[in-house]
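Single-structure report; data block below.
The values are calculated or read from the model by the stated rules, or taken from the named source; none is laboratory data. Every value quoted in this text rests on a predicted model; they were computed, and no experiment measured them. All Cβ positions, glycine included, derive from the backbone under ideal geometry; neighbour counts span all protein chains shown. Areas reflect the complete protein model, heavy atoms only, side chains present, ligands, DNA and RNA absent. Shrake-Rupley method; radii C 1.70, N 1.55, O 1.52, S 1.80 Å.
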Amino acid sequence: MSDARQIKIGLYIVGTGMHIGSWRLPQAQADASIDVGFYKKIAQEAERGLFDAAFIADSLAVDENSHSQILNRFDPTVLITAIAGATSHIGVVATASTTYNEPYNLARQFASVDIISGGRAGWNVVTTADATGLTALNFSRKEHLLHDDRYKIAEEFIDVVKGLWDSWEEDAFIRNKETGEFYNPEKVHLLNYEGEFFQVRGPLNIGRTPQGHPVLFQAGSSNPGQELAARTAEVVFSHKKSFEEAKDFYKELKGRMSKYGRREDELLILQGISPIIGRTEAEAAEKAALLDSTVIQEQALRFLSGYVGNVDLTAYSLDTPASQVTWREVNSIQSDFDRIQKIIREEDLTIGELYSKISNVSSDESLRGTPEQVADTLTYWFENGAADGFIFVPPALPDSLTDFVELVVPILQERGIYRTEYDSTTLRGHLGLSVPVNRYAKQPLPASQI
């Protein structure tokens, strides 16, 4: 692979695809979201395309507004372990919440996957966005925590997890049969963390992983989300609709890193894309039209409702100006809500048009067309300060992924901005990220305390 800067690409896998009607396509496997064999094949196809990582999102509650492909699906950490066993190079990234988990359990789970996969694990850190408040009811709570409070907890949570990952130094386990010395007590460390939200003794009951720490991913675009990312994240997902928005976000987020003593190259920003690719523009348009024909209006509006404070949009006519809807603040994905409100203020759209603009993955015309047109858009964003790479959110699986692998990847390779083979076996290696140095001094820990 060339030493020149390369585009990074991750695959977002969600059942039959992100388009809300994708499961209704004639060729779609309707039960894909609970077929581990399907996920393995999708990850293998992404590995054929030399993707950096396969990414699994998550939610902890469902309601009538939920996307069809998240109503019935696997726990992400369990799923990426299965995917890791079916692949050899691609990274495996799972979403897990800092609001509805304990640091010790989560640190152990991701360390386990990193060891099982040979150093390919990543944790997508979320605070859990929930417009309905139903998640709290699944975890013995009466209400969902406020947005900013969730991020305060996340700060501590990440610090605890990273501290636990440093419990054991790389060569702590000696396993000397002659002397009976299984580990070196000078190379294991108590955490003894005491904070506002967590008190954790440690050490972790699993050793140092091949990557030192699994790679930390995040997706927050709000002010607290960006601050958390600037301090702790190694990869950030974003989904900006225009080049200008993406470039502004890229500059702003990387500009926050210096206050935390970090260099800009220690964080990669990947923009979400959902291209619809045809060998001709007409073919791409036909694919988009077929996808759109699967949409049931009421379901689509309910899905959109989840992004806008759970307002019941089905109570309005599609011709109702979006500006006439009574919107309310959300305790969910703040950046999505703010983006939608900006569109409503600046554009004279009806509710039907707003849905098409926000929820329809084929609405981005710069990513609907020939392989060359799609490659041109990605190249421009990458080379002009808007992205270090992309999260490919396929409208329909497996077809959208196969189109991208077979038609777009070769063009990016010809341009010298995408790998032609893997030159690493770890996710950190693929992404060009260094292995974290163990933080602890080598102080002995009595065996009686283990």
For the stretch 383-424, run through the GluC sites (Glu not before Pro) and keep only the ones in DSSP coil with at most 13 other Cβ atoms within 10 Å of their Cβ.
-> GLU421
Summing -39500 (n - 2.57) over the DSSP H runs of n ≥ 4 in the chain and dividing by its residue number, what mean residue ellipticity at 222 nm do you reach, to the nearest 500 deg cm²/dmol?
-> -10500 deg cm²/dmol
What residue among GLN226, GLN109, GLN69 shows peak mean-square fluctuation when the chain is described by a Gaussian network model with Cα springs under 10 Å?
-> GLN109
When averaged across all projection directions, what area in nm² does the alpha-carbon convex hull of the stretch 135-262 cover?
-> 11.3 nm²
Which angle between 0 and 90 degrees, to the nearest 10, do you get for helix 76-86 versus the longest principal axis of the chain when only C-alpha atoms count?
-> 80 degrees
In whole percent, the fraction of accessible protein surface over the chain that belongs to carbon or sulfur atoms, probe radius 1.4 Å, stands at 48 percent
Three semi-axes of the equivalent ellipsoid, the stretch 19-114, Cα gyration tensor, whole Å, largest first | 23, 20, 10
Gaussian network model of the chain, springs between alpha carbon atoms under 10 Å - residue of PRO26, PRO203, PRO103 with greatest fluctuation = PRO26
Contact order normalised by residue count of the stretch 186-235, Cα under 8 Å, 6+ apart, percent | 25 percent
For the stretch 413-428 and the stretch 58-132, what is the separation of their C-alpha centers, rounded to whole Å?
-> 25 Å
Top mean-square fluctuation among ILE351, ILE13, ILE296, Gaussian network model of the chain, C-alpha springs under 10 Å?
-> ILE296
Compute, for TYR380, the solvent-accessible surface of its heavy atoms (probe 1.4 Å) with the complete set of protein chains present, and express it in square angstrom to the nearest 10.
-> 120 Å²
Probe 1.4 Å - accessible area at THR232, Å² to nearest ten = 10 Å²
Mean Cα-pair separation over length for the chain, i.e. relative contact order, pairs under 8 Å, 6 or more apart, % = 24 percent
Å² of accessible area per residue within the chain, as computed with a 1.4 Å probe and no ligands counted | 43 Å²
Could you sort TRP23, TRP165 by accessible area so the largest value comes first, with the probe set to 1.4 Å?
-> TRP23, TRP165
If you project the alpha carbons of the chain onto their three principal axes, what span does each projection cover, largest first, in Å?
-> 77, 53, 42
From largest accessible area down, sort LYS259, LYS254; use a 1.4 Å probe on the protein chains.
-> LYS259, LYS254
Pairs from LYS162/LYS251; LYS142/LYS247; LYS152/LYS240; LYS41/LYS142; LYS162/LYS241 whose Cα-Cα separation, in the structure shown, is over 29 Å | LYS142/LYS247; LYS41/LYS142; LYS162/LYS241
Using alpha-carbon pairs under 8 Å, 6+ residues apart, how would you state the relative contact order of the stretch 169-323 in percent?
-> 12 percent
Take the stretch 1-71, compute every pairwise Cα distance, and split them into 5 Å bins from 0; I just need the percent in each bin.
-> 3, 14, 22, 22, 16, 10, 5, 4, 2, 0
Over all distinct Cα pairs, what is the inverse of the mean 1/r for the stretch 90-189, reported as the Kirkwood hydrodynamic radius in Å?
-> 15.8 Å
Segments 134-144, 74-84, 48-58, 32-42 sorted - mean Cβ within 10 Å per residue, highest first | 48-58, 74-84, 32-42, 134-144
Which Cα, out of LEU216, PHE38, SER167, lies furthest along the positive dipole direction of the chain (beta carbon charges, K/R +1, D/E -1)?
-> SER167
